[in-house]
Each structure stands twice: as structure tokens, then as C-alpha cells.
1. Do you know which of the residues in region 100-121 that are under 15 Å from Trp218 (Cβ atoms) and among the small types (Gly, Ala, Ser) is surrounded by the fewest Cβ atoms within 10 Å (Cβ to Cβ)?
2. Just checking, which of Ala96, Ala29, Ala5 is at pLDDT 85 or above, over 30 Å from Pro128 (Cβ atoms) and among the aliphatic types (A, V, I, L, M)?
3. Search region 85-99 for residues being touching a residue at least 12 places away in the same chain (Cβ under 8 Å) and loosely packed, with under 15 Cβ neighbours inside 10 Å, and hand back the single one that is farthest from Leu211 (Cα to Cα).
4. Of a type in the set (A, V, I, L, M, F, W, C), touching a helix residue (DSSP H, G or I) at 6+ places or on another chain (Cβ under 8 Å), in the same structural domain as Gly225 (by TED's automatic domain parsing) and crowded, with 16+ Cβ neighbours inside 10 Å, is that true of Ala124?
5. Being in contact with a helix residue (DSSP H, G or I) (Cβ under 9 Å, 6 or more places away or on another chain) and modelled with pLDDT of 90 or more: is that true of Ala148 here?
6. Considering region 100-117 alone, what residues qualify as being part of a loop (DSSP other than H, G, I, E, B) and under 22 Å from Val240 (Cβ atoms)?
7. Do you know which of the residues in region 34-62 that are without any contact (Cβ under 8 Å) to a residue 12 or more places away in the chain and within 30 Å of Leu102 (Cα to Cα) is surrounded by the most Cβ atoms within 10 Å (Cβ to Cβ)?
8. Which number in (1) among the acidic types (Asp, Glu); (2) more than 30 Å from Gly103 (Cα to Cα); (3) not in a helix (DSSP H, G or I) marks the one condition that Asp28 misses?
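The values are calculated or read from the model by the stated rules, or taken from the named source; none is laboratory data. Just so it is clear, the structure is predicted and the values come from calculations on it, not from any experiment. Quick reminder, even Gly has a Cβ in these numbers, built from the backbone with ideal geometry, and neighbours come from all protein chains shown.
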Amino acid sequence: MTSSASYRLPSNSGSGEGSGAGRRTFRDAVRELSPPWLRGGLGEAILGAVAEQLDDLTDRLVAGVRVRFPGLEGMESLALVGRERRIRRGRLETDAVYTERLGRWLDDHRRRGGAYALLGQLHAHYAPAAFPVALRYASGRRYAMDAAGAIVRDVAAWDVPGGAVPRWARWWLFYAWPTPISDDGVWSDPGTWGDGGVWGSDLTPAEVRDLRLVPREWGAAHATGRIVLESPTMTVTISVEGG
């Protein structure tokens, strides 16, 4: 009988991605540990078929773990990772930029609820077509962000929209909205209830949801506010509840 020490093993040809040199597979182990009489013919075929299933399961487990890390297992998982980490993808954000931003999610969430975190996420959401945004509080505190993302903080007295503020945890976001918005008329104008539009403008429900998304998720949870779109044609106000 030929001893296992003198038996020449077949070349490494394990199944699954990354098999071969540098990676040991179950199929490799089966060939190495099997007695000589199971290293060929029907015995090798049966053991090899079982090992291939284990190799395939291993590949799937590894891929499942890698999906949690942006960019390691392709770009298809970015939407899932972003939803889990509450880092919404910008409307024009590239894969490379979004991957980098998902990688620093823990650092970003440490500042969540503050003015700088909120404005930073807004800039990323609308980049590279970002526009000036001003965040104001009833106290007069203002954070003004330009189109490049630079933020300046100051305090200035101003007339709070609507007069007295019944709740102190209120904020207003003023967007220098770059595109025109049209008025959809007044209450008595012809129209159909539930036609898919919104009151007061030609914005769609999807656009309103998108506008509320970042302020709702990145604003302070106890606060409510208003988004004021100052477009070239009209001004539109959208309410936002706390996150």
C-alpha cells in the first residue's frame, strides 16, 4: 500500500472565489486528509461534491460580512449600508464620495443633533449642486453655510416668522433654492383632491419627503422646525417634526 507521505496530492483547484494559491478550501482539506483509496474515482467525487458545498457556503458567509463594509463587496450594497447607518445618499453623490462618507459614520453621528452636523449633511446631500443655507433659532443664533460648505456663526436679532414662538425648541432653515417653484393657485381654484400634488406649490410629495429627510434625521430629536425655500419665483415653507 502506498503511504500517504509518498502520495503526490493533486494540484490546488478548490471551488469558490479566491480559491487556489494563498487560500485553503474545504476541497483542499478533503484531498489532503483522505486516505489514498478515496483520492480518486467515485470516492473523490462524492467527498469533493460535499466539500464544494461547504466552500460555497463559506464564500457566501464571507461576502455577507464584507457587505457591511462600504466598497469591499461592490457598490450594490451602498444603499443598504447607508440606510442602516442613517447616512442618506445625496441626489448627485458618486459611489466614491458616498463610500468615503459611509466610512466616517460613527464620527458624524457623534455630532448628530447639532447645527454643524445638520448643515454638513445637507451640503453632502445636495452636492455638487449645493446652495447657501442658513439655520436660525428664535434666540437669534444663526449658522450660515455657503455653497462651498463653509459655515459662519453669529447672533443677530430678527423677526421670527409668525411672531411669538410658543415652544423654545424651534428652528428655521432658509434655502437659497436654485430652481423656480410655481404656485398651484388658491383654495377655490379648480383641482382634484388626492391628485398627487401638495398644497401651495408644484412640488411633488417625493420632493417634499426628500427635503424633510436630512433635517428630520440630523436635527435635534426634541426640536421642530420649518424649511423655507426661497426660490427665484416664490417662497415655500415646509414643516418638519423632530427626528
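1. Gly114
2. Values: Ala96 fails: over 30 Å from Pro128 (Cβ atoms); Ala5 fails: at pLDDT 85 or above.
Going through Ala96, Ala29, Ala5 in turn, just one is at pLDDT 85 or above, over 30 Å from Pro128 (Cβ atoms) and among the aliphatic types (A, V, I, L, M): Ala29.
3. Out of the qualifying residues, it is Asp95.
4. Working: of a type in the set (A, V, I, L, M, F, W, C): yes; touching a helix residue (DSSP H, G or I) at 6+ places or on another chain (Cβ under 8 Å): yes; in the same structural domain as Gly225 (by TED's automatic domain parsing): yes; crowded, with 16+ Cβ neighbours inside 10 Å: yes.
For Ala124, the condition - of a type in the set (A, V, I, L, M, F, W, C), touching a helix residue (DSSP H, G or I) at 6+ places or on another chain (Cβ under 8 Å), in the same structural domain as Gly225 (by TED's automatic domain parsing) and crowded, with 16+ Cβ neighbours inside 10 Å - is met.
5. Details: in contact with a helix residue (DSSP H, G or I) (Cβ under 9 Å, 6 or more places away or on another chain): yes; modelled with pLDDT of 90 or more: yes.
Taking the combined requirement at face value, the residue satisfies it.
6. Our first condition is that a residue be part of a loop (DSSP other than H, G, I, E, B); within region 100-117, this holds for 104, 111-114.
Matches in region 100-117: Arg111, Arg112, Gly113, Gly114.
7. First, the residues of region 34-62 that are without any contact (Cβ under 8 Å) to a residue 12 or more places away in the chain: 37-38, 40-43, 45-46, 49, 53, 57, 60-62.
The next check asks that each one be within 30 Å of Leu102 (Cα to Cα); those that pass are 57, 60-62.
On the way: Leu57: 12, Arg60: 10, Leu61: 10, Val62: 14.
Checked region 34-62; the qualifying residue surrounded by the most Cβ atoms within 10 Å (Cβ to Cβ) is Val62.
8. Of the numbered conditions (1) among the acidic types (Asp, Glu); (2) more than 30 Å from Gly103 (Cα to Cα); (3) not in a helix (DSSP H, G or I), the odd one out for Asp28 is (3).
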